[in-house]
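Take a look at the structure set out below.
The values are calculated or read from the model by the stated rules, or taken from the named source; none is laboratory data. Quantities reported herein were computed from a predicted structural model and do not represent experimental measurements. Because the Cβ atoms are built from the backbone with ideal geometry, glycine has one as well, and the counts that use them run over all protein chains shown.
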Amino acid sequence: MPPRLRAGEAPSLLCGEAHDRDPIVMLASAGGEPELIKLDSLPAITAIVVFLVAFSFLAVVVWPKIVKGLDERNAKIVGEIKAAEAAQAKAKAAQAEFEKRLEEARAEADRMVRAARGEAERQAEELRSRAAKELEDMKARATQELEGAKRAALSEIHAAAATLATSVAAKILKREIQAGDQKRLVEESLSELGAR
């Protein structure tokens, strides 16, 4: 059994002391001259065996789970990246479709405005032509009415003039003109006026 160390005391495993039974020897340099250090072989072998068992356990049981978890995480991240790219492509396609429909709506609105303007101009032209026709008709009716009123006034003037001429002629002739003579004189006066 190796000697126990006291508090604050450094182990002395250097060659030349009473620990010559250990076959494992290591070189250490302290102060310029190489010295040999002896170790117990049982703890070293136990440490190597424990390391190999732990390494084997970790390599067989734990490492595959770690690799599987990392692969799943990588696959999840790659899937999320692909989903984000697909969503971005879908958003771009939706935006392009929206812009296309917006442009179509603008073109349709422009076409409708042009059609409405054309229809308004056509209706305005139709109203102008209808108003002009009605105005011409009113002028023609007014002209006819004026002509009729003019003829009626002239007839009345001629009748009054004939009556006046008849009475003047009767006074001049000192006799009274018969109704038939008066009617004949009025008709002759009207026919003379119509001929002018």
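What to note about this one:
- Matching entry among Ser129, Ser167 (being hydroxyl-bearing (Ser, Thr, Tyr), in a helix (DSSP H, G or I), surrounded by 10 or more Cβ atoms within 10 Å (Cβ to Cβ) and modelled with pLDDT of 90 or more): Ser129
- Cβ-Cβ under 6 Å pairs, at least 6 apart or on other chains, region 63-91 side at negative phi, far side of a type in the set (Val, Ile, Thr) and surrounded by fewer than 10 Cβ atoms within 10 Å (Cβ to Cβ): none
- Odd one out for Glu33 among (1) modelled with pLDDT of 50 or more; (2) surrounded by 10 or more Cβ atoms within 10 Å (Cβ to Cβ): (2)
- Any hit, region 174-196, residues being at pLDDT below 75, loosely packed, with under 10 Cβ neighbours inside 10 Å, of a type in the set (Val, Ile, Thr) and over 60 Å from the mean Cα position of the chain (by Cα): no
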